[in-house]
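The values are calculated or read from the model by the stated rules, or taken from the named source; none is laboratory data. Treat the numbers as computed from the prediction; the structure is a model and nothing was measured. Neighbour counts run over all protein chains shown; Cβ positions are idealised from the backbone, glycine included.
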């Protein structure tokens, strides 16, 4: 079974600075998808960025980018020019490219990000 | 607007009183799933459905039931709720995964359930 590990329960960053959230995963599959979700106090699950394992190029979405290291099974999220609105819980998640049971999202335990002035 | 509609947002109930949390999606997604979120544990899958009348257990199915009579609806049923089912619940839907196909999940807005 796949597992996702987020080793940083809490992180803090100053406004306008850059922060990197870590995520590692364990799988024996070669084809899969990886996600970062943001959960603000409203508790809505918001997709921040996603990556297909067969693509070598790292995904970027505006101020958000990932460092995908397939061999190391690492998928970190970099937030540049941090804003107060970035304060939230961030979850890393894995999804197999298969179907059935494999279609589920496996989540890490989350990293709470604080943004300070 | 493409969305997953989940109701109610908040629910307080007593032990043993049957309840249903509804979930509906308007994106014609085949795959639907229920998760519960608990502090320090992330989100864990309760049940999922690959299509109408096709459901299966996830990681934490005990105490829950689901049904998929229509493609758009996937209700979560707690026949005899207990305090350990106090949690935040999410419904999510997705197309079937496949290379070149869209693969993202859409989540409902969550249901905060308290069982006393």
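Considering A:51, A:57, A:39, A:6, which residue is surrounded by 16 or more Cβ atoms within 10 Å (Cβ to Cβ) and at pLDDT below 95?
Exactly one of A:51, A:57, A:39, A:6 is surrounded by 16 or more Cβ atoms within 10 Å (Cβ to Cβ) and at pLDDT below 95, namely A:51.
With the requirement that a residue be in contact with a strand residue (DSSP E or B) (Cβ under 6 Å, 6 or more places away or on another chain) and either more than 15 Å from residue A:104 (Cβ to Cβ) or assigned to a loop (DSSP other than H, G, I, E, B) (or both), what does the range A:1-14 give you?
A:2, A:5, A:6, A:8, A:10, A:11, A:12, A:13, A:14
Checking residue B:65 against (1) at pLDDT below 95; (2) more than 24 Å from residue A:38 (Cα to Cα); (3) within 13 Å of the chain's Cα centre (by Cα), only one condition comes out false. Which one?
Exception for residue B:65: condition (1).
Return the residue satisfying two criteria in turn: it lies in the range B:45-60 and is touching a strand residue (DSSP E or B) at 6+ places or on another chain (Cβ under 6 Å) and not in a strand (DSSP E or B), and of such residues it is nearest to residue B:32 (Cα to Cα).
Checked the range B:45-60; the qualifying residue nearest to residue B:32 (Cα to Cα) is B:58.
Which residues, counting only those in the range B:37-53, are farther than 23 Å from residue B:113 by Cα and within 9 Å of another protein chain (Cβ to nearest Cβ)?
B:50 - this is the single residue of the range B:37-53 that is farther than 23 Å from residue B:113 by Cα and within 9 Å of another protein chain (Cβ to nearest Cβ).
Go through (1) under 14 Å from the mean Cα position of the chain (by Cα); (2) without any contact (Cβ under 8 Å) to a residue 60 or more places away in the chain; (3) part of a loop (DSSP other than H, G, I, E, B) and name the single condition residue B:109 misses.
Against the list (1) under 14 Å from the mean Cα position of the chain (by Cα); (2) without any contact (Cβ under 8 Å) to a residue 60 or more places away in the chain; (3) part of a loop (DSSP other than H, G, I, E, B), residue B:109 comes up short only on (2).
Being without any contact (Cβ under 8 Å) to a residue 60 or more places away in the chain and closer than 30 Å to residue A:6 by Cα is true for just one of B:33, B:94, B:49, B:67. Which residue is that?
Result of the check over B:33, B:94, B:49, B:67: B:49.
So residue A:75 clears everything in (1) closer than 26 Å to residue B:58 by Cα; (2) away from chain B (no Cβ under 14 Å); (3) surrounded by fewer than 13 Cβ atoms within 10 Å (Cβ to Cβ) except one condition, right? Which one?
(3)
From the residues in the range B:5-31 that are within 10 Å of another protein chain (Cβ to nearest Cβ) and within 22 Å of residue B:68 (Cβ to Cβ), which one is surrounded by the fewest Cβ atoms within 10 Å (Cβ to Cβ)?
Among them, the one singled out is B:30.
Test residue B:72 against the criterion of being touching a strand residue (DSSP E or B) at 6+ places or on another chain (Cβ under 8 Å), farther than 18 Å from residue A:93 by Cβ, surrounded by 14 or more Cβ atoms within 10 Å (Cβ to Cβ) and within 11 Å of chain A (Cβ to nearest Cβ), and give yes or no.
Answer is no for this residue.
Would you please name the residue that is farthest from residue A:48 (Cα to Cα), looking only at residues in the range A:68-78 that are in contact (Cβ under 8 Å) with a residue 24 or more places away in the chain and either in contact with a helix residue (DSSP H, G or I) (Cβ under 7 Å, 6 or more places away or on another chain) or in a strand (DSSP E or B) (or both)?
A:74
Hey, among the residues in the range A:78-109 that are under 15 Å from residue A:12 (Cβ atoms) and surrounded by 17 or more Cβ atoms within 10 Å (Cβ to Cβ), which one's farthest from the other protein chains (Cβ to nearest Cβ)?
A:82
Quick one: is residue A:35 away from chain B (no Cβ under 12 Å), touching a residue at least 24 places away in the same chain (Cβ under 8 Å) and under 12 Å from the mean Cα position of the chain (by Cα)?
So residue A:35 fails the test.
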